[in-house]
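Everything on this sheet refers to the single structure shown next.
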Amino acid sequence: DDTVYIGVKNFGGTETSTGITGTSYNQASVTFTTSSNSSSATIYCWKNGGSAQSYCDDLSLAPK
């Protein structure tokens, strides 16, 4: 029942994330567009407490 979040911030727009729950591998995505003044972004995987172990792997970044 723990939730893991993948998200993006510091890209010249509003921070956005999506929550993932479950006991097996799940796929999720977050879509964002950098501003004309931004050349970087912080991509993160975050879990706020809980007792279960959680992992984020195979992250990728692709143009849209």
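Remarks
- Summing Cβ point charges (Lys, Arg +1; Asp, Glu -1) relative to the Cα centre of the chain gives a dipole of roughly 220 debye.
- Val4 exposes around 20 Å² of accessible area when a 1.4 Å probe is run over every protein chain in place.
- The listed residues Ser36, Ser17, once ranked by accessible area (1.4 Å probe) with the largest placed first, stand as Ser36, Ser17.
- Nonpolar atom fraction for the chain, defined as the carbon and sulfur part of the 1.4 Å probe accessible area, stands at 43 percent.
- Probe 1.4 Å, protein heavy atoms only - accessible area per residue of the chain in square angstrom: 82 Å²
- Asp58 accessible area, 1.4 Å probe, all protein chains in place, Å² to nearest 10: 140 Å²
- Projected label distance in nm at Thr33 and Asp2, using a 7 Å step from Cα toward the beta-carbon: 3.6 nm
- Among (1) 1.14; (2) 0.95; (3) 1.01, the entry that matches Rg/Rh (Cα atoms, Kirkwood Rh) as calculated here: (3)
- In this label model, Tyr25 and Ile43 are separated by 1.7 nm, measuring between points 7 Å along each Cα→Cβ vector.
- Among the chymotrypsin sites (Phe, Trp or Tyr not before Pro) found in segment 28-63, those both in a DSSP coil and sparsely packed, with 15 or fewer other Cβ atoms within 10 Å of their Cβ, are Tyr55.
- Structural descriptor for segment 1-57: relative contact order 43 percent, calculated from alpha carbon pairs under 8 angstrom and at least 6 residues apart.
- A dipole drawn for the chain from +1 and -1 charges on Cβ atoms has a positive end, and of Tyr55, Gly7, Thr23 the residue lying farthest that way is Gly7.
- Per-residue accessible area (protein heavy atoms, 1.4 Å probe) orders Lys64, Lys47, Lys9 as Lys64, Lys9, Lys47, starting from the largest.
The values are calculated or read from the model by the stated rules, or taken from the named source; none is laboratory data. Quantities reported herein were computed from a predicted structural model and do not represent experimental measurements. Backbone-built Cβ (ideal geometry, glycine too); neighbour counts: all protein chains shown. Ligands, DNA and RNA are stripped out before the accessible areas are found, and what is left, the full protein with its side chains, is counted by its heavy atoms. Shrake-Rupley method; radii C 1.70, N 1.55, O 1.52, S 1.80 Å.
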